[in-house]
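Student: Let me give you the structure first, and then I'll get to my questions.
The values are calculated or read from the model by the stated rules, or taken from the named source; none is laboratory data. Because the structure is predicted, anything quoted here is derived from the model rather than measured. Note that we place each Cβ from the backbone using ideal geometry, even for glycine, and neighbour counts take in every protein chain shown.
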Amino acid sequence: MVDWLSDLYPWTKVLHVISVIAWMAGLFYLPRLYVYHTEVVAKGSETDTLFQTMERRLLKAIMNPASVATWVFGLALVFTPGIVDWSMAWPWMKAAAVLGMTWFHHWLAQRRKGFVNGTNTVTGRRYRMMNEVPTLLMVIIVASVIMKF
């Protein structure tokens, strides 16, 4: 039934990795935009409008499609026969980290609404600290997949 996934495995893996790279780029960059938006930009200014446009486009045109593609191709890999051994710890660690990455993505999307409404209360320092979340999750994901512990 899912043998066709085995035939497509190399392409599925390629598309998954490309999607992950695009998603991670956004997850690293959007909180950095929020830092500068919070610390430097005056509410209601032209620069505020510019930052909101950049943040919206990054989220809607790059991050959202990349996250969906990451999930689609990742699940295709999961359902490819012989790829994932669920008796080992690594797929569970990766799955937990991917769920964490997805939560972070949605947290960033919620923070964007604060800028749009002029109600952002998160400090630049907190955005800087939160900017480390995808790095930690990436380390867990890459180590899990490569080391297969």
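Student: Only one of Val145, Val78, Val68 is among the aliphatic types (A, V, I, L, M), part of a helix (DSSP H, G or I), free of Cβ contacts under 8 Å to residues at least 60 places away in the same chain and under 15 Å from Trp23 (Cα atoms). Can you tell me which?
Tutor: So the residue among Val145, Val78, Val68 that is among the aliphatic types (A, V, I, L, M), part of a helix (DSSP H, G or I), free of Cβ contacts under 8 Å to residues at least 60 places away in the same chain and under 15 Å from Trp23 (Cα atoms) is Val68.
Student: Considering the range 49-64 alone, what residues qualify as being over 10 Å from Gly26 (Cβ atoms) and surrounded by fewer than 16 Cβ atoms within 10 Å (Cβ to Cβ)?
Tutor: Matches in the range 49-64: Thr49, Leu50, Thr53, Met54, Arg56, Arg57, Lys60.
Student: Taking Tyr34, is it hydroxyl-bearing (Ser, Thr, Tyr) and either in contact with a Leu (Cβ under 6 Å, 6 or more places away or on another chain) or over 19 Å from His105 (Cβ atoms) (or both)?
Tutor: It is false that Tyr34 is hydroxyl-bearing (Ser, Thr, Tyr) and either in contact with a Leu (Cβ under 6 Å, 6 or more places away or on another chain) or over 19 Å from His105 (Cβ atoms) (or both).
Student: In the set Val98, Val84, Val78, which member is within 16 Å of the chain's Cα centre (by Cα) and surrounded by 13 or more Cβ atoms within 10 Å (Cβ to Cβ)?
Tutor: Val98 is the lone residue from the list that is within 16 Å of the chain's Cα centre (by Cα) and surrounded by 13 or more Cβ atoms within 10 Å (Cβ to Cβ).
Student: In the range 91-140, how many are free of Cβ contacts under 8 Å to residues at least 24 places away in the same chain, among the charged types (D, E, K, R) and not in a loop (DSSP other than H, G, I, E, B)?
Tutor: 3
Student: Now a separate question. Hey, does the range 32-51 have a residue that's of a type outside the set (Val, Ile, Thr) and within 14 Å of Thr102 (Cα to Cα)?
Tutor: no
Student: Taking Val72, is it β-branched (Val, Ile, Thr), over 27 Å from Val35 (Cα atoms) and at pLDDT 95 or above?
Tutor: yes
Student: Next question, about the same structure. On the basis of being under 30 Å from Thr49 (Cβ atoms), β-branched (Val, Ile, Thr) and under 19 Å from the mean Cα position of the chain (by Cα), does Val139 make the cut?
Tutor: no
Student: For the range 7-50, which residues satisfy the criterion of being among the polar types (S, T, N, Q) and either in a loop (DSSP other than H, G, I, E, B) or at pLDDT below 95 (or both)?
Tutor: Ser45
Student: Any idea which of (1) surrounded by 15 or more Cβ atoms within 10 Å (Cβ to Cβ); (2) at pLDDT below 95; (3) of a type in the set (Phe, Trp, Tyr) is the one Tyr127 doesn't satisfy?
Tutor: Evaluating Tyr127 over (1) surrounded by 15 or more Cβ atoms within 10 Å (Cβ to Cβ); (2) at pLDDT below 95; (3) of a type in the set (Phe, Trp, Tyr) leaves (2) as the failure.
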